[in-house]
Amino acid sequence: MTMAYRQHLTSSEEPRPILAGALALLVHIVFIAILIFGFNWKDEPPASMIVDIWQDLPRPAPQPVEKKAAPPVQPEQQPKPAPEVKPEPRPKSSEPKPEQPRPAPAQASPPPPKKPEIAIKDKTEPPKAVQKAPTPDLEAQKKKAQEQEAKEKAEAERLQREKMEQEQREREARKKLEIEAQKQREQEEQRKREIEAQKQHEQEEQRKRELEAQQKREQEEKARREAQQAAARAQVASEISKYKAMILAKIKSRIVMPPDLPGNPVTEFNVTLLPGGDILDVRLRKSSGYPEFDSAVERAILMSRPLPLPPDPALFNEFRNLQVTVHYLE
Amino acid sequence: MNPTVTQDLSLFHLISSASVFVQLVMLMLLLASLLSWWYIFRKMFVLREAVKQSDDFEDSFWRGADLNVLYQRAVGSRYAPSSMERIFVAGFGEFSKHKPGANIDMMMDSIRRAMQATYQREMDRLESHLSFLATVGSVSPYIGLLGTVWGIMNSFRSLSNITQATIAHVAPGIAEALIATAMGLFAAIPAVIAYNRYVSDIEKLATRFESFMEELSNVLQRRAPTNLE
């Protein structure tokens, strides 16, 4: 085996390294793309919707005003040709026709007194005089022309005045309309404000009424509770008196009365009770003056144990220290 | 790293606003990932081809083709021979170098050694770059973590001047720092998977080569007595 063979046999020919590199790059590009799109999807805030809330539609009032004003502007220009056409038939002679353009410049200048006008005519219209020379009555014609010019001037003046007046009128009308619109708007606003005020007022009243109702309810509740308490108290009182009567009756039933005592002696005892009705202590509080009667009552008290007590332990306090008063005669 | 009211957390912004150290870590990880993917694809092609060529060669070998013809074809081929072919060439070349009447044991030993040497060389070739994949797979998560820890340290340090610290002040810094970890994991996971896969593939190929070597030495040993006659 020669070296060449060895070389040939040991050389490692790797298949497609460039393709492998390209694939590696592709993997990374795909991964990064996924990352970027993933990030961007979460990054975008949700498209917020902007909603304008209009109380009512925007008022179209100002537009009509303009529209109404606009058309008169055009007529303004149109009437101009009309008066210009009119003067044409007025001159009787056919010659003044070339002069007609002239009054236009003259119109522009303020109407001068007649005399200077003639002078100007003389100066400015020598060529015309030459043209008109063939006609014999130059003077008359001149006069005529002057008259006509004056007439035309007056006409133009009138027109201008009319135009200005019309414009004035239009302006006034527009102003009036605007003022009216303004007024209307103000009125509407006023109305709106009033409505709002009324609403507010109503709301306030409603609130007041609710508050009152609540107060009323609370008061009623309080009264009811008080009544209940009173009733409970009354019940308790009646219970207490009932049991006191029962106790007294039980004691009385046990008394063996000593015979033949004079008058109606009264003896009073303080009795201390235990819960359950047992008697802790019996003490003479006020003697009747007859020891046999006192001792008879004491014995009866001791004998009548247990004393009847209400089943409610809360009421026991009323019976802890009991005062027993016994009359001899009853 | 100025925490502003509107935080742009897009990927490019996060990367570009990271500190230089974190950016370096990211660059390193990107390169490691690119290289490891390159090796993954290269190894994939190499191993696929090795398996296919071994299949072909074994097929023609066991179909009873003449060993001399196979040898001539392998040596004279314009293309680089496959691993199995090389083992065969080494073994058969060693076999044909022996004079008739030589000691069979010695001859078989030398044949085995020659084949073994070629086998080692081939295994070396197949296993090349696998260590790189293993390194990337085990180290790049740590590199990513280092970048992340560094970035988080920085973002917390920037908190020291703020009296009322909220999570919004640290969040962008942490996010950009975490990209380093993400990149480390992105580099490591495919590398580890590919490494395990290729190691098992190469082991399978190695067993095939070894069994082929044994079988070839048997064949050559059987042919040796006829050589003596």
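The values are calculated or read from the model by the stated rules, or taken from the named source; none is laboratory data. On a predicted model such as this, the values are computed, not experimentally measured, just so you know. Note that we place each Cβ from the backbone using ideal geometry, even for glycine, and neighbour counts take in every protein chain shown. For the accessible areas, the whole protein counts, side chains as well, though only heavy atoms, and no ligand, DNA or RNA atoms are used. Shrake-Rupley method; radii C 1.70, N 1.55, O 1.52, S 1.80 Å.
Worth pointing out:
- Residues of segment B:88-98 include at least one that is in a loop (DSSP other than H, G, I, E, B) and surrounded by fewer than 21 Cβ atoms within 10 Å (Cβ to Cβ).
- Cross-chain or 6+ apart pairs with Cβ under 9 Å, segment A:274-286 first and within 18 Å of A:Leu248 (Cβ to Cβ), then open to solvent by 70 Å² or more (accessible area, probe 1.4 Å) and assigned to a loop (DSSP other than H, G, I, E, B): A:Gly277/A:Arg305; A:Gly277/A:Pro306; A:Asp278/A:Arg305; A:Asp278/A:Pro306; A:Ile279/A:Arg305; A:Ile279/A:Pro306
- Scanning segment B:18-43 for residues that are within 14 Å of chain A (Cβ to nearest Cβ), surrounded by fewer than 23 Cβ atoms within 10 Å (Cβ to Cβ) and more than 15 Å from A:His28 (Cα to Cα) turns up just one, B:Arg42.
- Close pairs from segment B:18-39: first in contact (Cβ under 8 Å) with a residue 12 or more places away in the chain, partner buried (at least 16 other Cβ atoms within 10 Å of the Cβ) and not in a helix (DSSP H, G or I), Cβ under 7 Å, at least 6 apart: B:Tyr39/B:His129
- Top-ranked residue of segment B:86-136 - restricted to ones that are of a type in the set (Asp, Glu) and free of Cβ contacts under 8 Å to residues at least 12 places away in the same chain, ranked as nearest to the other protein chains (Cβ to nearest Cβ): B:Asp124
This table checks each residue for (1) of a type in the set (S, T, N, Q); (2) touching a helix residue (DSSP H, G or I) at 6+ places or on another chain (Cβ under 6 Å); (3) open to solvent by 50 Å² or more (accessible area, probe 1.4 Å).
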| site | (1), (2), (3) |
| --- | --- |
| A:Lys244 | no, no, yes |
| A:Asn264 | yes, no, yes |
| A:Pro275 | no, yes, yes |
| A:Gly289 | no, no, yes |
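- Selection status of B:Ala50, outside any helix (DSSP H, G or I) and among the small types (Gly, Ala, Ser): no
- There is at least one residue in segment A:277-285 that is buried (at least 16 other Cβ atoms within 10 Å of the Cβ) and either at pLDDT 85 or above or touching a helix residue (DSSP H, G or I) at 6+ places or on another chain (Cβ under 8 Å) (or both).
- Those residues of segment B:123-180 which are under 30 Å from B:Ser82 (Cα atoms) and either charged (D, E, K, R) or open to solvent by 30 Å² or more (accessible area, probe 1.4 Å) (or both), in sequence order: B:Asp124, B:Arg125, B:Glu127, B:Ser128, B:His129, B:Ser131, B:Phe132, B:Ala134, B:Thr135
- Hits in segment B:181-216 - residues which are polar (S, T, N, Q) and either modelled with pLDDT under 90 or loosely packed, with under 15 Cβ neighbours inside 10 Å (or both): B:Asn196, B:Ser200, B:Thr207, B:Ser211
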